[in-house]
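*Asks:* One structure follows; several queries about it will come next.
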Amino acid sequence: MAACNRKRPAAVHATTAQHQQSPTRCKRSRAFIGSTDDYVEVNSLGQGGFGVVLRLRHKVTKKDLAVKFLSSPDETEDGADVEDLYREARFLEACKGNPYVVGFEGLVHKHNRHVVHRDIKPGNILVGETRELVKICDLGLAISLSDKPPYNQAGTAPYMAPEMIMGKRDYDALVDTWSIGCVFAELLTGKTLFACDGQDDDDDDKIKVDIYQLWSIFRVLGVPDERTWPGFTSLPHTTEALRLLPAGHNHSRLRDLFPEEKLSEEGFQVLQGLLTCNPDKRLTAAAALKHPWFAAPRSTAAAAGAKVDALSPAMPEKNVLKIPLDVWKSYLCKC
């Protein structure tokens, strides 16, 4: 379990009130009592090497719980292992009813699981027949950011974020928002934006393959430098990339590919924000949903039929992903 403002997840939840058995259970008799979204923080009860204990109050029932979060107090080091949390939870539950042991309510889920999909692409997005339901599938390459880096390169090349291709080993969930931007662009045009013609996945020279893919990105968005992406020149593959990449591509052509008759200025700001090479400046999913482009309510029919910002691509029928704006917004929120 994790608090939304904590780096390291986890939490046993010892109640400060009388013990009440949770209605649901999972393996190893772990009781779960909802999500951290259901609670508000009241105050801190104490902290130590294990993390911190907070007093949380349920938004509806107003019941107070003492909740242990496994995290480093100063957020600079990892806290205790999550298995220690489960171990303590089992002991607390075994002692339930003992008047001399603090009561046990169960475990609370954090809504944000720190999961990075790493392979978001049209083929891994399922759309219901009525187009009112969107689900992400195939988490075979997913990782949890609770596991310490280094992280390896993974995913499908045309949807892979530049920092991952450049060999950055401590990337984060922003590699997924880059992929969302690639899917967004593909929905508008019916074509893969960063397709790399002639790239051979069986090529023995992996660096060369990566250079080809970087070229497909930089010829659209421009080649970064230390001004636009501090730290760019220190990434593992930068020296080789700059040596092999053609010169003269320092400016973005993204707007040329998505003129206003295809995508409004506000819609383009979202696309451009998602497809920003520097991950520190890239738009997060949460920030994207706060953008004015999503603010104005519109019906599904209007969204599907609108000439500007329509998310109905001219794609081959077998690959069509006609996602209305409200469904796309729901999909972004869950990433």
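The values are calculated or read from the model by the stated rules, or taken from the named source; none is laboratory data. Model, not experiment: these values are computed from the prediction. All Cβ positions, glycine included, derive from the backbone under ideal geometry; neighbour counts span all protein chains shown.
*Asks:* For the range 145-158, check the following and say yes or no: at least one residue is out of contact with any Ser or Thr (no Cβ under 8 Å at 6 or more places or on another chain), within 26 Å of T228 (Cβ to Cβ), part of a loop (DSSP other than H, G, I, E, B) and hydroxyl-bearing (S, T, Y).
*Replies:* Yes, the range 145-158 contains a residue that is out of contact with any Ser or Thr (no Cβ under 8 Å at 6 or more places or on another chain), within 26 Å of T228 (Cβ to Cβ), part of a loop (DSSP other than H, G, I, E, B) and hydroxyl-bearing (S, T, Y).
*Asks:* For S252, work out the one condition from (1) more than 25 Å from V116 (Cα to Cα); (2) modelled with pLDDT under 90 it doesn't fulfil.
*Replies:* Result: S252 passes all but (2).
*Asks:* Only one of these conditions is not met by L263: (1) under 28 Å from F184 (Cβ atoms); (2) part of a helix (DSSP H, G or I); (3) touching a helix residue (DSSP H, G or I) at 6+ places or on another chain (Cβ under 8 Å). Which number is it?
*Replies:* With respect to (1) under 28 Å from F184 (Cβ atoms); (2) part of a helix (DSSP H, G or I); (3) touching a helix residue (DSSP H, G or I) at 6+ places or on another chain (Cβ under 8 Å), L263 is out only on (2).
*Asks:* Please count how many residues of the range 117-161 are touching a helix residue (DSSP H, G or I) at 6+ places or on another chain (Cβ under 6 Å) and within 28 Å of K68 (Cα to Cα).
*Replies:* 1
*Asks:* Looking only at the range 106-165, which residues are out of contact with any strand residue (DSSP E or B) (no Cβ under 7 Å at 6 or more places or on another chain), crowded, with 17+ Cβ neighbours inside 10 Å and of a type in the set (G, A, S)?
*Replies:* Hits for the range 106-165 are S146, G155, A157, A161.
*Asks:* State whether one or more residues within the range 235-249 are assigned to a loop (DSSP other than H, G, I, E, B) and either without any contact (Cβ under 8 Å) to a residue 12 or more places away in the chain or within 23 Å of P122 (Cα to Cα) (or both).
*Replies:* Here is the first cut: in the range 235-249, the residues assigned to a loop (DSSP other than H, G, I, E, B) are 235-237, 245-249.
Restricting the remaining residues to those that are either without any contact (Cβ under 8 Å) to a residue 12 or more places away in the chain or within 23 Å of P122 (Cα to Cα) (or both) gives 247-248.
Yes, that holds for at least one residue.
*Asks:* Turning to a different aspect of this structure: Mind checking which strands (runs of 3 or more DSSP E) fall wholly inside the range 83-142 and carry at least 2 residues that are at pLDDT 85 or above? Step through it out loud before you land on a result.
*Replies:* Values: elements: 104-109, 125-127, 134-136.
So the answer is 125-127, 134-136.
*Asks:* Residues to consider are Q272, Q213; find the one that is at pLDDT 95 or above, under 16 Å from V175 (Cα atoms) and not aromatic (F, W, Y).
*Replies:* Values: Q213 fails: at pLDDT 95 or above.
The conditions single out Q272.
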